[in-house]
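Asker: Got a structure for you, questions after.
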Amino acid sequence: ILLGHGFRGYKTSGMLFGKGRVAWSDDRKEAHLDMPAQSLHYYTKGDTENVFNLIKWVYSVGGKLSTIDIAFDDKIGLVTMEQVENSVKNADWVSRARYFRVYDGGMKEGDEIVMKGKTVKIGSGTSQINLRIYDKAKEQNLEDQHWTRFELMLRDEASNGAIELLLEAYAQSTDTFALSAVGLLRGFCDFRDSGSDTNVTRRVLLKWWSDFVAAAEKLKIIRQKTIRNITKVVDWIERQVAPNLAVL
């Protein structure tokens, strides 16, 4: 569906696969594709191989990822939000990230306030990698269900580095892919007992975390450096800097 306005610095945009968005300008060679989870599921039918085929196509035409979220779900009761919150506040976690937030979410329906559960976020707003942990069941109003979600949010070089690793793992086997994905999660944040050892590398995993990550080993995300040339720099100035200068 063609929209009557631009998007993300592009002059023309349209709706794609439900809530998806595609944007382009006649005077630019590239385009922008924005596919939230609902749109991605609609297009790929929820099949992992179809998701990777789409990503491979993006790379084949010279594109790159700007952001990607990788979700890890516990639906059998291994992890509670209370355990996560207590672990974070007790410093029972190891990560290069230093900042965290714990907050309650909700919405206003008429004059009633409906609480949507607690969220723990690890990482800063300026970082390329953040981890969000929340009660997905409460967010979706699913009563009497357990659904704790770990959402690894990556952007720019980190997103492309992670996907390159996962593409290689998936080519080997689905088991290797699953272990590699959880390994990336552990590589960003590991929940360990801070009282078990003064050396963070020797600290033991918390029981609930050990049950959740199982046999996955920590993996480091190798960030792909973006190649910048004069064309990309000029394009960035036109898209980001010029509009702000015009306002000034």
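Asker: Please give the peptides 31-41, 121-131 ranked by average Cβ packing (other Cβ atoms within 10 Å per residue), highest first, as a rough proxy for protection.
Answerer: 121-131, 31-41
Asker: How compact and how long is region 110-191, expressed as Rg and Dmax of its alpha-carbon atoms in Å?
Answerer: Considering region 110-191 through its Cα atoms, Rg and Dmax are 15.9, 54 Å.
Asker: So which residue, out of GLU112, GLU85, GLU151, gets the largest mean-square fluctuation from a GNM of the chain using Cα contacts under 10 Å as springs?
Answerer: Maximum fluctuation in the GNM of the chain, among the listed residues, is at GLU112.
Asker: Nearest 20 debye, what's the magnitude of the dipole of the chain about its Cα centre given +1 on Lys and Arg Cβ and -1 on Asp and Glu Cβ?
Answerer: 880
Asker: Gaussian network model of the chain, Cα springs within a sub-10 Å range: biggest mean-square fluctuation belongs to which of ARG155, ARG21, ARG96?
Answerer: Sorting by GNM fluctuation, first place goes to ARG96.
Asker: Here's another thing I want to ask about it. Tell me, what is the FRET efficiency for THR48 and LEU245 to the nearest 0.05, using R0 = 45 angstrom and their Cβ-Cβ distance as r?
Answerer: That pair, THR48 with LEU245, gives E of 0.55.
Asker: A further question on this structure: Give the separation of the Cα centroids, region 106-135 to region 38-104, in Å.
Answerer: 14
Asker: By the gyration tensor of its Cα atoms, with a ≥ b ≥ c the square roots of the eigenvalues, what is the shape of region 1-69: rounded for a/c under 1.5, prolate for a/b over b/c, or oblate?
Answerer: Oblate.
Asker: Using only the Cα atoms, work out Rg/Rh for region 40-132, with Rh taken as the Kirkwood radius, to two decimals.
Answerer: Ratio of gyration radius to Kirkwood radius: 1.06.
Asker: Let me ask you something else. Starting from the Cα of ASN141, move 7 Å in the Cα-to-Cβ direction to define the label point; list residues of region 89-132 whose amide nitrogen is under 16 Å from there.
Answerer: Correct set: 106-117.
Asker: I'd like the per residue volume of the convex hull spanned by the Cα atoms of region 12-52, given in cubic angstrom.
Answerer: 60
Asker: Taking the Cα of LEU167, stepping 7 Å toward and past its beta carbon, and measuring to each backbone N in region 32-75: which are under 13 Å?
Answerer: Those under the cut-off are 51-66.
Asker: Among PRO36, THR67, VAL88, whose Cα lies farthest out toward the positive end of the dipole of the chain, if unit charges sit on the beta carbon of Lys, Arg (+1) and Asp, Glu (-1)?
Answerer: Of the candidates, THR67 comes out farthest on the positive side.
Asker: Skip the ligands, DNA and RNA, and give the accessible area per residue of region 13-102 with a 1.4 Å probe, whole Å².
Answerer: On a per-residue basis, region 13-102 sits at 65 Å².
Asker: Quick check: with the 1.4 Å probe, what order do PHE212, PHE52 take by accessible area, largest first?
Answerer: Descending order: PHE212, PHE52.
The values are calculated or read from the model by the stated rules, or taken from the named source; none is laboratory data. Predicted, not measured: the structure shown is a model, and the values here were computed from it. We place every Cβ from the backbone using ideal geometry, glycine too, and count neighbours over all the protein chains shown. Quick note on the areas: whole protein, heavy atoms, side chains included, nothing else; ligands and nucleic acids left out. Shrake-Rupley method; radii C 1.70, N 1.55, O 1.52, S 1.80 Å.
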